[in-house]
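Undergrad: To start, I am sharing the structure in question, which I have written as structure tokens.
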Amino acid sequence: MEEEMKKDVLDSPLVVHKKDDASFQETANEVTMSATHTDEESADTPTLERHRFKKKKKKSKAPYVILVLVAIAAAVICVLVYNDVIPIGKPETTTTTKKSYTTQQVNEFEGIITVKGTYIFFEGTEVDGLRGLEKEIKYLEKGTKFVVQDEDADSNFLNFDVLSLLSQYSIDYEIKHIVSSGLIAEYEKMSTTTSAAKKTENQSDNKSTSSATTEKQTGNQ
């Protein structure tokens, strides 16, 4: 009885049976390490297959970082060049400043009315008598002041004609007596030219007369 019970006792699952052992029994349902399913499993049932998945290599971010850095550097360089911080080979030009000197003529007779005899000079320019003087002063502001130079002026002409005309247009004046202003009237220029021509003519006549006298004396001898 005891022997029968010993036979019914199952072997320990930890016992490894080799093919050479007498206790090794080959079964049809032997599962190998390489098999992933048994024959008893139907074709419809899902099976577990061992798949080897290739690891996907993560793309490196280094190219994108380099592109961003290059773009930032280009932007900085453009700003520096635009602000002339970095010269870009512009030819150096030396600018020379030329000083222009302009001489402005100053009228020494500005604000002066000169009466020479019966001739009138308004600020150094001869005018056509009282009519010309009136044209010069009629549009001036009231209270405009002038210096009236008396250069051997005709007293009646100066006091009753020239000064009265100035008062008529509310022109203030101050009288000054002078010897010579250096101004020459057209009549004086003409008379000077005429007198010079007469003098030259007289000199030529005198020369011709003296030469004729000399010839007569030579002939008499």
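Undergrad: Out of the GluC sites (Glu not before Pro) in the range 103-146, which ones are loop residues according to DSSP with at most 10 other C-beta atoms within 10 Å? Write out the running numbers ahead of the final one.
TA: Working: sites: 108, 110, 123, 126, 134, 136, 141; in loops: 108, 110, 123, 141.
Within the range 103-146, the qualifying GluC sites (Glu not before Pro) (loop, at most 10 other Cβ atoms within 10 Å) are 108, 110, 141.
Undergrad: Same structure again: Within the range 112-188, list the trypsin sites (Lys or Arg not before Pro) lying in a DSSP loop whose Cβ has at most 11 other Cβ atoms in a 10 Å radius. Write down the numbers at each step before the final one.
TA: On the way: sites: 116, 131, 135, 138, 142, 145, 176; in loops: 138, 142.
Answer in residue order: 138, 142.
Undergrad: At 0.36 nm per residue, minus the direct Cα-Cα distance, what do residue 73 and residue 108 gain on full extension? Give it in nm, one decimal, please. Write down the numbers at each step before the final one.
TA: Working: separation 35, 0.36 × 35 = 12.60 nm, distance 7.00 nm.
Going from the current span to full extension adds 5.6 nm.
Undergrad: Right, another one. For labels at residue 134 and residue 172 in the simple 7 Å Cα→Cβ model, what's the distance in nm?
TA: 2.6 nm
Undergrad: Which FRET efficiency value, to the nearest 0.05, is calculated for residue 193 and residue 155 with the Förster distance at 22 angstrom and r the Cβ-Cβ distance? Before the final figure, lay out the partial values.
TA: Values: r = 29 Å, r/R0 = 1.32.
The formula returns an efficiency of 0.15 here.
FYI, it's all coordinate maths here, none of it is from the lab. None of these values were measured; they are calculated from a predicted model. Heads up, the Cβs are rebuilt from the backbone with ideal geometry, glycines too, and the neighbour counts pull from every protein chain shown.
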